[in-house]
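A.B. asks: Handing you a structure now.
Every number here is computed from the coordinates shown, using simple stated rules; none is lab data. All values reported here derive from a predicted model rather than from experimental measurement. Quick reminder, even Gly has a Cβ in these numbers, built from the backbone with ideal geometry, and neighbours come from all protein chains shown.
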Amino acid sequence: MEISEEIIFALLMSYAVVIAVVCHFLTKNYLFASTAASVFVPLSVQIGDYVIRGYMDPFAIFAFPAAVLYCFFLALVVGIPFAIIRKWRGERILFPIYRTKQGEDLLPKTARRKKSKRKDGKR
């Protein structure tokens with residue numbers, strides 16, 4: 001029984017979307033979550049293909065970078081709602097704030113978000 005290529009492609013893309021959602025849910029850094037999802041999906045597919053077939057696909061050297069690039073753009077699109085929600089909450093989405101033990105920020109003062117001067121907290 002042979003499965004059509006469209007069904008295989010749809011299954012792989014749904015797998016990529018699920019992994020991207022999990023990565024964006026677990027990681028606050030938008031670019032890191034997109035990169036992790038874009039590397040994990042093709043790597044796990046290639047490893048699974050190797051386990052099933054018993055040998056590496058001869059075109060894996062071309063398929064892996066193309067799949068990483070495609071999954072990266074897919075993960076960027078999937079992460080947009082997560083980034084919007086985190087931005088709405090006031091969290092940093094690209095560079096999380098790293099603090100030393102003394103409570104000082106490691107980021108320069110220009111990279112920090114300015115606090116509101118209004119009493120109601122709005123800008």
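A.B. asks: Would you mind computing, in nm to one decimal, how far apart the modelled labels at VAL22 and SER44 are, each placed 7 Å from Cα along Cα→Cβ?
C.D. replies: Placing both labels 7 Å beyond Cα along the Cβ direction yields 0.4 nm.
A.B. asks: Same structure, new question: Residue separation times 0.36 nm, minus the C-alpha to C-alpha distance between VAL77 and PHE32: what's the value?
C.D. replies: 14.8 nm
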